[in-house]
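Written below as structure tokens is the structure these notes are about.
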Amino acid sequence: MSAYTLNGKVALVTGGGTGLGLGGAKRLVEAGAFVYIVGRRQSVLDEAIKKLGANVRAIVADVSKKEDMVRVAATICAEKGKLDIIFSNAGYYKGAKLEDVTEEYFDAIVNVNLKGQMFTVQAMLPIMNDGGSIILTSSMTAFIGLPEYTGYAATKAAVIGMAKVWTTELKSRKIRVNVISPGAIPTEGYETVQGMTPEQVKEFAEKCAAEIPVGRVGRAEEIGDSVVFLGSDASSFINGVNLVVDGGQTQVYAGNL
Ligand SMILES: NC(=O)c1ccc[n+]([C@@H]2O[C@H](COP(=O)([O-])OP(=O)(O)OC[C@H]3O[C@@H](n4cnc5c(N)ncnc54)[C@H](OP(=O)(O)O)[C@@H]3O)[C@@H](O)[C@H]2O)c1
């Protein structure tokens with residue numbers, strides 16, 4: 001049972017088939033919302049639907065293609081007539097050293113993490129209810145200078161700026177725009193995108209846990225809890241913020257732990 005109620009609300013979660021998107025979709029459904037999840041792999045979305053149960057529908061689409069997101073908006077409009085919450089979460093987070101960054105790699109990162117979030121929101125605006133809530137996904141990587149993450153950090157920092165502009169542009173429609181910056185939360189992508197072995201993920205999680213005041217890495221549902229909060233009226237006076245959900249990892253000097 002959720003602490004906040006989203007009964008009657010319609011939500012979109014990009015990258016909702018796995019990881020933080022799935023955690024977000026789970027919590028949104030539990031709070032009473034009808035949730036659309038988007039991803040590129042039908043099989044992954046099918047599995048997610050099985051886990052999520054009722055009040056969820058999957059649409060195969062690529063956030064980096066504007067026409068796909070316009071199609072998603074048309075489908076939601078035809079079925080529900082409106083949208084209340086966007087959790088723009090789909091992301092690509094493979095690293096590359098500065099000297100190894102290729103144009104192809106840089107374009108791929110920008111296309112998903114930045115262009116994807118830009119046109120997801122733009123495509124949904126015509127069907128978005130006034131008073132709705134937009135939640136963009138950044139990362140603690142945007143502001144910690146992590147080596148080998150030039151492209152990723154750049155896109156995630158850009159998202160924070162984009163959200164602030166939209167906060168003022170959407171003022172007249174009373175649509176709030178906030179950002180979530182997750183910390184270390186092992187998900188499917190650590191293996192499928194980053195290429196880590198399960199042992200490497202375990203080692204990484206242990207190393208991070210030692211640097212996190214909460215004493216452990218995060219869980220996808222904990223991002224989901226923040227999504228529900230920012231999507232609900234419980235956060236009605238919170239607008240334009242970057243909510244860092246990292247167990248305190250970037251809030252303290254690690255040497256003090
Ligand atoms: N996990 C962490 O530690 C962490 C920390 C900070 C920030 N983040 C951010 O949180 C978000 C989710 O990360 P995650 O760890 O949950 O990653 P994940 O496990 O790799 O999940 C990413 C999801 O996005 C979908 N996706 C990727 N590219 C897409 C595209 N072009 N169009 C539509 N869907 C797409 C993937 O499905 P398909 O491949 O089937 O499309 C997948 O379901 C990302 O934005 C990431 O940068 C994660």
**Prompt:** in contact with a Lys or Arg (Cβ under 7 Å, 6 or more places away or on another chain), open to solvent by less than 70 Å² (accessible area, probe 1.4 Å) and free of Cβ contacts under 8 Å to residues at least 60 places away in the same chain: does that describe Ala254?
**Reply:** no
**Message:** So Phe106 ticks every box in (1) open to solvent by 60 Å² or more (accessible area, probe 1.4 Å); (2) in contact with a Phe, Trp or Tyr (Cβ under 8 Å, 6 or more places away or on another chain) but one. Which box is left unticked?
**Reply:** (2)
**Fill in**
The residue that is surrounded by the fewest Cβ atoms within 10 Å (Cβ to Cβ), considering only those in region 31-53 that are among the basic types (Lys, Arg) and near the ligand (Cβ under 8 Å from one of its atoms), is Arg41
**Request:** Only strands (runs of 3 or more DSSP E) wholly contained in region 18-106 count here; list those with 2 or more residues that are at pLDDT 95 or above and either under 14 Å from the mean Cα position of the chain (by Cα) or closer than 28 Å to Pro147 by Cα (or both).
**Result:** 34-39, 83-88
**Residues (in contact with a helix residue (DSSP H, G or I) (Cβ under 7 Å, 6 or more places away or on another chain), open to solvent by 50 Å² or more (accessible area, probe 1.4 Å) and not acidic (Asp, Glu)) located in region 200-218** = Arg216
**Prompt:** What single numbered condition from (1) in contact (Cβ under 8 Å) with a residue 12 or more places away in the chain; (2) farther than 20 Å from Ala3 by Cβ; (3) assigned to a helix (DSSP H, G or I) fails to hold for Arg216?
**Reply:** (3)
**Prompt:** In this structure, does Ala73 turn out to be free of Cβ contacts under 8 Å to residues at least 24 places away in the same chain and surrounded by 15 or more Cβ atoms within 10 Å (Cβ to Cβ)?
**Reply:** no
**Request:** Go through (1) surrounded by 13 or more Cβ atoms within 10 Å (Cβ to Cβ); (2) polar (S, T, N, Q); (3) farther than 16 Å from Gln117 by Cβ and name the single condition Ser64 misses.
**Result:** (3)
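The values are calculated or read from the model by the stated rules, or taken from the named source; none is laboratory data. All of these numbers come straight from a predicted model, not from anything done at the bench. Every residue, glycine among them, receives a Cβ derived from its backbone with ideal geometry; neighbour counts consider all protein chains shown. Protein only, heavy atoms only, side chains kept; ligands, DNA and RNA dropped before computing areas. Shrake-Rupley method; radii C 1.70, N 1.55, O 1.52, S 1.80 Å.
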